[in-house]
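Undergrad: Before we start, here is the structure in question, set down as structure tokens.
The values are calculated or read from the model by the stated rules, or taken from the named source; none is laboratory data. Keep in mind the model is a prediction, meaning the values are calculated, not measured. Heads up, the Cβs are rebuilt from the backbone with ideal geometry, glycines too, and the neighbour counts pull from every protein chain shown. With ligands, DNA and RNA removed, areas are computed over all heavy atoms of the protein, side chains included. Shrake-Rupley method; radii C 1.70, N 1.55, O 1.52, S 1.80 Å.
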Amino acid sequence: MPGPTQWRWWRVRPTGRDLPMVTPFEIFFDLVFVFTLTRIVAFMGKPPDPVAMGRGLLLLMLLWFAWSGYLWLGNQTRVDRPPVRVLVLAAMAGFFVAALVMPGAWDSAPGLDGPLLLALSYVLLRAVHLALYHWAGEPLLRLRIRRFAVASVLAWIPLLAGAVLGGWAQTWLWTLAFLVEIGGQRGVVQSRLGGWPVRSPEYFAERHGLVLIIALGESFLAAGVGVGTMVTKLPVLAGAVIGFILIACLWSVHFDRVSPLAEQALLRARGERRDRIGADAYSLGHLPLIAGVLYTALGFEDVLASLSAAHTPGGEPLGWPGAVALYGGAALYLLGTLLVRYLSGRGARMGELVVAVAPLLLLPVGRALPALVAIGVLATYLVGLVLLPYARAGRRPASSPTGR
């Protein structure tokens, strides 16, 4: 039988310079999670539908905070070691099942009920996380987890009821489930009990950066693969290349400028201040970044679909949902970078806010233009946004993908 020291080694992630960073097992977990996110893009439809876009955001918020719980767990203990790994694999299977049934999240289809399977997958994700986090925690952390578990279990009631009822009842009940859960996490645990502890700030920053990079890559790849053999058409190929430039600009805006500042703030902070930055700038602040990626990918997919079906080189103008997804997603991403910077204690200037919302001002123009020109206008704006500071400073951007 292992002694007390060995049990602590299994339970608690070591701290200090020698501590292991993100493990291959955790990257595997994040790949499955991001696959689930790409299925949200598929759920929102071809072409995009306003109701599905709103419901897709709800699904993203539920799944993001479920994934975030496992990041906090990995910050507390090594999840790649038995017996934790076995249960985390079960949770990973929950994400995978959720991904498979995602396109039918509001539809009844032959066989097992899609909405109910999705709800049960979410319950599995939360139940495994709560059990493992309680097992790995110190006495004070266990108290916080028990308080949060009450809100989490209460949230399962409207979640399951909504899956059974379907339609708009499902939408409102799942919204209530999210509000109950986030209220328990931020309103009870963080505000009254001090929140979750950040044991390893290096791990915390790296894990968020990696999942954002994976989301940027997989979301746009999934959209691009959807055109199939039509990519040999010159306008479709041009649109795909412009989409690649767009995604590279989104990457640069965050990882060259904001990510290093946020990581430095997290590393320098101590105690409750560090915990607050972890919960706010990372767990909360990265949500609009991921949402912006998914919506921009949805708009990109609509551009490629328009170009594939068009008889004119530039394609037909995007519909309002597609244009809002493309330009609004980019604006949401840029606003997310400002939110991360602000919540890290670095502040944000009014000029930066104007720059972030500029894609929304370009939205009516993009809506009136052919699809290829519309994505070209947005990509041109983002290229200018990336290059202007370096032109002023006369220096090259940093090459580190995590902004170190």
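Undergrad: Inspect the stretch 67-77 for any residue being part of a loop (DSSP other than H, G, I, E, B) and open to solvent by less than 10 Å² (accessible area, probe 1.4 Å) and give the result as yes or no.
TA: yes
Undergrad: Those residues that are of a type in the set (Gly, Ala, Ser) and open to solvent by 50 Å² or more (accessible area, probe 1.4 Å), I need them from the stretch 352-364; list them, please.
TA: Filtering the stretch 352-364 for residues of a type in the set (Gly, Ala, Ser) gives 356, 358.
Across the stretch 352-364, there are no qualifying residues.
Undergrad: Scanning the stretch 91-115 for residues that are more than 19 Å from the chain's Cα centre (by Cα) and either at pLDDT 95 or above or of a type in the set (Asp, Glu) (or both), which turns out most open to solvent (accessible area, probe 1.4 Å)?
TA: Within the stretch 91-115, the match that is most open to solvent (accessible area, probe 1.4 Å) is 107.
Undergrad: Against the condition touching a helix residue (DSSP H, G or I) at 6+ places or on another chain (Cβ under 7 Å), among the aromatic types (Phe, Trp, Tyr) and part of a loop (DSSP other than H, G, I, E, B), how does residue 196 come out, does it pass?
TA: yes
Undergrad: Output yes when any residue across the stretch 369-388 is modelled with pLDDT of 90 or more, outside any loop (DSSP other than H, G, I, E, B), exposed (fewer than 13 other Cβ atoms within 10 Å of the Cβ) and in contact with a Pro (Cβ under 8 Å, 6 or more places away or on another chain), and no when none is.
TA: No, the conditions are met nowhere in the stretch 369-388.
Undergrad: Sticking with this structure for a sec: Across the stretch 232-266, what is the number of residues that are touching a helix residue (DSSP H, G or I) at 6+ places or on another chain (Cβ under 9 Å) and closer than 11 Å to residue 344 by Cβ?
TA: Qualifying residue count, the stretch 232-266: 7.
Undergrad: Could you list, in sequence order, all residues of the stretch 116-146 that are of a type outside the set (A, V, I, L, M, F, W, C), open to solvent by less than 20 Å² (accessible area, probe 1.4 Å) and part of a helix (DSSP H, G or I)?
TA: 121, 122, 126, 129, 133
Undergrad: Determine whether residue 149 is open to solvent by 30 Å² or more (accessible area, probe 1.4 Å) and touching a helix residue (DSSP H, G or I) at 6+ places or on another chain (Cβ under 7 Å).
TA: Values: open to solvent by 30 Å² or more (accessible area, probe 1.4 Å): no; touching a helix residue (DSSP H, G or I) at 6+ places or on another chain (Cβ under 7 Å): yes.
For residue 149, the condition - open to solvent by 30 Å² or more (accessible area, probe 1.4 Å) and touching a helix residue (DSSP H, G or I) at 6+ places or on another chain (Cβ under 7 Å) - is not met.
Undergrad: I want to confirm something. Restricting to the stretch 245-304 and keeping residues that are under 16 Å from residue 343 (Cβ atoms) and of a type in the set (Lys, Arg), which single residue is surrounded by the fewest Cβ atoms within 10 Å (Cβ to Cβ)?
TA: 268
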